[in-house]
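Notes follow the structure.
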Amino acid sequence: MTKGNAFVLGGSGQVGRAAVRALVADGWEVTAASRGGARDERWPEEVRTLRLDRTEEGALAAGLGDGCDVLVDIVAYGGGHGRQLTGLADRIGSAVVVSSGAVYEDEEGRSFDTQDRPDGFPAFPVPTREDWRTVAPGDTSYSTRKIALERELLAAGDALPTTLLRAGAIHGPFCPGPRELWFVKRALDGRPVRVLAYGGTSRFHPAHVDNLAELVRLAAAKPGSRVLNGADPEAPTVAEIGAEIDAVLGVRSEFVLMEGEPAETVGLTPWTAPHPIVYDMTAAERELGYRPVVSYAESLPETVAWLTAHLADRDWREAFPGLAKYGVDFFDYAAEDAWLKTRG
Ligand SMILES: NC(=O)c1ccc[n+]([C@@H]2O[C@H](COP(=O)([O-])OP(=O)(O)OC[C@H]3O[C@@H](n4cnc5c(N)ncnc54)[C@H](OP(=O)(O)O)[C@@H]3O)[C@@H](O)[C@H]2O)c1
């Protein structure tokens with residue numbers, strides 16, 4: 001007896017690989033779909049892979065065939081993708097869809113969309129609950145599209161019970177844009193210092209792929225229309241993350257803590273922000289019985305080993321396009337050295 005058929009759209013990505021593993025282990029018959037149709041070597045043989053591009057007319061419908069008991073959609077980005085799923089509701093028992101914590105907006109209307117403006121970074125309650133206010137749905141940004149996706153799917157109600165997971169800063173093996181590289185590469189390059197803005201206190205709640213996969217597994221077994229945050233049991237500061245990564249790599253470095261904001265790229269990490277981003281996980285605990293399967297520190301050795309091997313001798317932008325897309329040179333050592341010199 002299996003639990004049923006699970007169809008994972010985006011199965012070969014960092015979250016998909018972990019979600020497929022968790023679902024198979026829980027007794028689901030899993031199809032992992034992606035454009036390339038890649039499979040993870042840790043998946044058991046019975047996982048079926050499928051090449052499918054969701055943007056091609058009719059491709060998802062054809063891929064679903066007679067349908068599935070649960071659809072896990074990891075690469076849904078807007079109202080259009082929401083309608084794509086609701087349009088197939090007669091063939092999908094329930095859905096679990098990855099959204100983002102980027103949908104939240106603070107009391108002054110600031111969100112990730114305003115972060116590049118002067119004083120534009122949002123100040124959220126710590127921790128932020130799912131019933132906190134969000135940006136308005138639209139088609140103008142990643143955040144507005146994600147909330148449009150959420151609204152579309154929640155409006156379907158019982159026709160397509162959907163759990164939306166608002167993920168934090170995702171990390172783990174196969175990450176296309178690993179924030180951890182900021183520390184890992186410095187350690188590998190023998191840099192003696194870690195310069196951190198805002199006194200190293202920035203916090204951007206991480207979400208390990210295995211914890212997200214656990215949320216997927218639990219939500220798949222308990223369909224419902226709901227929104228849940230998806231994050232790790234702890235939200236370490238950037239200085240704590242750096243110390244943990246140094247420890248994994250067996251290096252010691254000096255942490256130079258800048259007061260206030262970065263000096264252009266100096267002190268700027270992918271977690272750096274003037275206000276903390278911490279997600280409340282009590283709703284997932286209450287509604288799904290969620291218990292995290294791994295802590296940030298426990299997960300690091302595997303991630304660091306994967307990052308190091310994947311980077312190899314390549315340019316970091318080539319190895320990690322998901323980090324390069326920010327358009328920031330996170331490894332401008334010349335600027336860092338020049339700034340350090342000005343301190344005497
Ligand atoms: N990174 C973060 O910190 C963060 C934070 C919050 C939320 N999120 C959300 O996390 C999700 C991304 O998950 P991830 O990090 O696991 O992504 P990922 O590692 O980039 O993997 C994406 C997966 O989707 C497949 N794919 C991409 N386009 C497709 C298409 N048109 N049709 C079918 N398959 C397609 C990819 O394989 P092919 O290339 O072979 O198609 C791959 O399997 C997004 O919903 C994002 O908004 C990310």
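Derivation of every value follows stated rules applied to the coordinates shown; laboratory data play no part. Remember, it's a predicted structure, so these values are computed and weren't measured experimentally. So basically every Cβ, Gly included, is an ideal-geometry build from the backbone, and we count neighbours across all protein chains shown.
P(r) tail for region 124-200, what percent of Cα pairs lie past 16 Å?
Working: 2054 of 2926 pairs.
The proportion of pairs with Cα distances above 16 Å equals 70 percent.
Which semi-axes, in whole Å and largest first, does the equivalent ellipsoid of the chain have when worked out from the alpha carbon gyration tensor as the square roots of 5 times its eigenvalues?
On the way: eigenvalues 250, 103, 62 Å².
Whole-Å semi-axes of the equivalent ellipsoid: 35, 23, 18.
Convex hull volume of the Cα atoms in region 1-129, per residue, in Å³?
Working: hull volume 19.7 nm³, N = 129.
Hull volume over Cα atoms, normalised by residue count, gives 153 Å³.
So, by mean Cβ neighbours within 10 angstrom, what's the order for 228-234, 83-89, 162-168 with the highest one leading? Please list the in-between numbers first.
Numbers: 228-234: 24.3, 83-89: 17.6, 162-168: 26.7.
Ranked from most to least packed, the peptides come out as 162-168, 228-234, 83-89.
Where the Cα atoms of region 47-204 are projected onto their three principal axes, how long is each span, largest first, in whole Å?
58, 40, 25
Just to be sure I understand: if I project the alpha-carbon convex hull of region 100-150 onto a plane and average over all orientations, what area do I get in nm²? Walk me through the intermediate numbers first.
Values: hull surface 13.6 nm².
The orientation-averaged projected area of the Cα hull of region 100-150 comes to 3.4 nm².
Report, please, the projected area of region 159-269 averaged over directions, based on the convex hull of its C-alpha atoms, in nm².
Numbers: hull surface 34.2 nm².
So the mean shadow area of the Cα hull is 8.5 nm².
What order do you get for 106-114, 52-60, 299-307, 144-152 when each peptide is scored by the mean count of other beta carbon atoms within 10 Å, highest first? Provide the component values of the computation, followed by the final result.
Details: 106-114: 17.0, 52-60: 13.9, 299-307: 19.3, 144-152: 23.4.
Highest to lowest by the protection proxy: 144-152, 299-307, 106-114, 52-60.
Return a whole-number percent for the relative contact order of the chain, with Cα pairs under 8 Å and 6 or more residues apart as the contact set. Before the final figure, lay out the partial values.
Working: 706 pairs, mean separation 59.5, N = 344.
Averaging sequence separation for qualifying contacts and normalising by length gives 17 percent for the chain.
Counting DSSP beta bridges in the chain, what percent are antiparallel, to the nearest 5?
Working: 2 of 41 bridges.
The antiparallel fraction comes to roughly 5 percent.
If I take every Cα pair under 8 Å that is 6 or more residues apart in region 196-263, average their sequence separation and divide by the length, what percent do I get for the relative contact order? Walk me through the intermediate numbers first.
Working: 64 pairs, mean separation 40.1, N = 68.
Normalised by residue count, the contact order of region 196-263 is 59 percent.
Please report the spacing between the Cα centers of region 159-237 and region 283-344 in Å, no decimals.
11 Å
For the pair A309 and F255, how long in nm is the line joining their label points, each one 7 Å along Cα→Cβ?
3.0 nm
Taking the C-alpha atoms of region 293-344, how large are the radius of gyration and the largest Cα-Cα span, Dmax, in Å?
Rg, Dmax (Cα atoms, Å): 15.1, 46.
Could you tell me the convex hull volume per residue, in Å³, taken over the Cα atoms of region 229-295?
On the way: hull volume 6.7 nm³, N = 67.
In region 229-295, the Cα hull volume divided by residue count equals 100 Å³.
So, counting K/R as plus one and D/E as minus one, what does the shell of residues with Cβ under 15 Å around V278 add up to?
Here the charged neighbours net out to -3.
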